[in-house]
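Here is the structure we will look at, set down as structure tokens.
The values are calculated or read from the model by the stated rules, or taken from the named source; none is laboratory data. Since the structure is predicted, the reported quantities are computational estimates derived from the model, not experimental observations. Every residue, glycine as well, gets a Cβ built from its backbone with ideal geometry; the counts of neighbours run over all protein chains shown. Accessible surface areas use protein heavy atoms only, side chains included; no ligands, DNA or RNA. Shrake-Rupley method; radii C 1.70, N 1.55, O 1.52, S 1.80 Å.
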Amino acid sequence: MKLERISSNKIKYSITFEELTNKGFLQDELLRDSFVWDVLFDEMLDEASRIYELNDFGAVSIEIFSLTSRELVLILTLEEEEVWHDTIIKDELPEAEKDQGLLYRFEEFDHVILLVKRLASLNIDCASSTLFAFRDLYYLKMDGVSIIHDTIESLCSEYGEEAGVSEAYLEEYAVKIIDKKAFPLIDDHF
């Protein structure tokens, strides 16, 4: 069995059918017996742990890269334990730990102005709000709206719609028009 580290979390295995036969695996068993695969994968993980000193890893995926008459090439992808725990689904977090921010998309800047004026008339101010422009659309990120989250969300839905992209995506590709103070600046100037 030959191992080659492709990236920090990917390892390529090349195993000849002769090696598999010497280990007690028969070619027919590999094609139909899932227990044989479990044993083989356990051996692969043990070998990777020994060679690359991997101790803790969470999810593991294995894909067949190629299968020839002479060898089987597999790619093992490891997801480290700490990364796995950081990717908990947002809905599974306790209420206090959820990000209470909202991110909405608007077709016209006038819709953003109307929303801000409507919220100002209700004495609602977002502590932190950022305005982005991307592909002829405007995106408004509002943080710190936990107390009146539902009210703001329903009003945002009247003038726009949920963004469908992440804030990180906007940070990378959009133009940031107003950072952190969009609500007061729009309310003061329009």
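Shown are Lys180, Lys141, whose ranking by accessible area with a 1.4 Å probe and every protein chain present, most to least, is Lys180, Lys141. Dipole orientation for the stretch 117-190: of the candidates Ala174, Leu137, His189, His189 has the Cα lying most toward the positive pole (charges on Cβ; Lys, Arg +1; Asp, Glu -1). Split the accessible area of the stretch 102-189 by element, probe 1.4 Å, and carbon with sulfur accounts for 47%. Residue ranking by accessible heavy-atom surface, 1.4 Å probe, largest first, among Arg135, Arg50, Arg5 comes out as Arg135, Arg50, Arg5.
Rolling a 1.4 Å probe across all protein chains gives Val165 an accessible area of roughly 50 Å². A 1.4 Å probe over all protein chains sorts Leu137, Leu155 by accessible area into Leu137, Leu155, starting with the largest.
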